[in-house]
Amino acid sequence: MAGPMYREIADHLSDRISSGELEQGSQLPTEDELIEQYHASRNTIRGALRELSGRGLVYTLHGKGTFVTEDVPSIVTTLTTDPESGGGGGEGRVYTAEVAASGRKATTSALAVGVQKAKSAVADSLRIPEGSDVIFRHEKRFVDGRPWSLQTSFYPRSLADRAPRLLATDDISEGAVTYLRSLGIKQAGYRDSIEVRKPDSIETEFFGIPSDGRVEVTEIYRVAFDQHHNRVRMTITVYRADRNRFVIIVGEVPTSEGLLPMNGGKSDQDGSRGSA
């Protein structure tokens, strides 16, 4: 590496990003193009890209190239039960309403619906034998067209006898919680478990994030209980950790917009981001 030359190139590229010449989300020139532009060696160019990556200005996707980091405002999701619908935060209409309240638009992919054998985590959560049949309903969720979260719900196969629409590939317009309540299966409560971890290959591809784990994901395991304390659903939702914040309300708390900063998780005092 040619001493400070890589840093000079990184500084120049940084200026091009700051000026908007290299726009957020855009792809940087290839290594070969940068070598030609700056009359530098490949090691020097790679050093410059590592420097920019360390500053958080760019990220590299294997086999695709290096891209300018986007400054995307966070969305705040309230995980506590919605008092009006009884639905859980981060799900269905409650989720889309919170996204809309932030001035954004939520969309989803077509549902993938089917029956599969329960793996250990799902079986344990639903208190059924491992290998039992479970219904799964999976969707990819987007905000303003950007990949935002992956959500999969699992139900005991036996529920289909009373709730056949769980096996339908079309959306349950009123929401699964409301649909089940209409059949006498009332969601009395749920328990959330939250973990921040490195993404797997599917999540890396969906979110378009580096595979080195520098951008983590937040995974929420939700187990829902009916009025008889039966476990009727297990939902796994995965979010990009750097673009989402979560709120849990306990007790009687005033509903005020001033409870949390709504500026994408940035503190007015020190510019730091809140954690999930």
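Just give me the residues in segment 121-140 being small (Gly, Ala, Ser) and either within 30 Å of Val99 (Cα to Cα) or open to solvent by 70 Å² or more (accessible area, probe 1.4 Å) (or both), in sequence order.
If the condition is that a residue be small (Gly, Ala, Ser) and either within 30 Å of Val99 (Cα to Cα) or open to solvent by 70 Å² or more (accessible area, probe 1.4 Å) (or both), then Ala121, Ser125 are the ones that fit.
Residue by residue through segment 141-200, note down the ones that are within 27 Å of Ala100 (Cα to Cα), small (Gly, Ala, Ser) and in contact with a helix residue (DSSP H, G or I) (Cβ under 8 Å, 6 or more places away or on another chain).
The answer is Ser153, Gly175, Ala176.
Among the listed residues Arg165, Arg181, Arg214, identify the single one that is surrounded by 17 or more Cβ atoms within 10 Å (Cβ to Cβ) and outside any strand (DSSP E or B).
Arg181
Given the residues Phe207, Phe246, which is the only one that is of a type in the set (Phe, Trp, Tyr), open to solvent by 30 Å² or more (accessible area, probe 1.4 Å) and on the phi < 0 side of the Ramachandran plot?
Phe246
Could we say that Thr66 is touching a residue at least 24 places away in the same chain (Cβ under 8 Å), part of a strand (DSSP E or B) and either open to solvent by 30 Å² or more (accessible area, probe 1.4 Å) or aromatic (Phe, Trp, Tyr) (or both) here?
no
When segment 32-57 is examined, which residues are found to be more than 20 Å from Val215 (Cβ to Cβ), open to solvent by less than 50 Å² (accessible area, probe 1.4 Å), of a type outside the set (Ser, Thr, Tyr) and assigned to a helix (DSSP H, G or I)?
Within segment 32-57, Leu34, Ile35, Ile45, Gly47, Ala48 qualify.
Look through segment 184-201, keep the residues that are within 24 Å of Leu61 (Cβ to Cβ) and in a loop (DSSP other than H, G, I, E, B), and return whichever of them is most open to solvent (accessible area, probe 1.4 Å).
Lys198
Scan segment 14-43 for residues that are among the β-branched types (Val, Ile, Thr) and in contact with a strand residue (DSSP E or B) (Cβ under 9 Å, 6 or more places away or on another chain) and jot them down.
Residues satisfying the conditions are Ile17, Thr30.
Here are some conditions: (1) within 29 Å of Ala188 (Cα to Cα); (2) at pLDDT below 85. Gln227 meets all but one. Which one does it not meet?
Only one criterion is unmet by Gln227, namely (2).
The values are calculated or read from the model by the stated rules, or taken from the named source; none is laboratory data. These numbers come from a predicted model, not from an experiment. No Cβ is skipped: glycine too gets one built from the backbone with ideal geometry, and neighbour counts run over all protein chains shown. Just the protein is used for accessible areas: all its heavy atoms, side chains included, with ligands, DNA and RNA removed. Shrake-Rupley method; radii C 1.70, N 1.55, O 1.52, S 1.80 Å.
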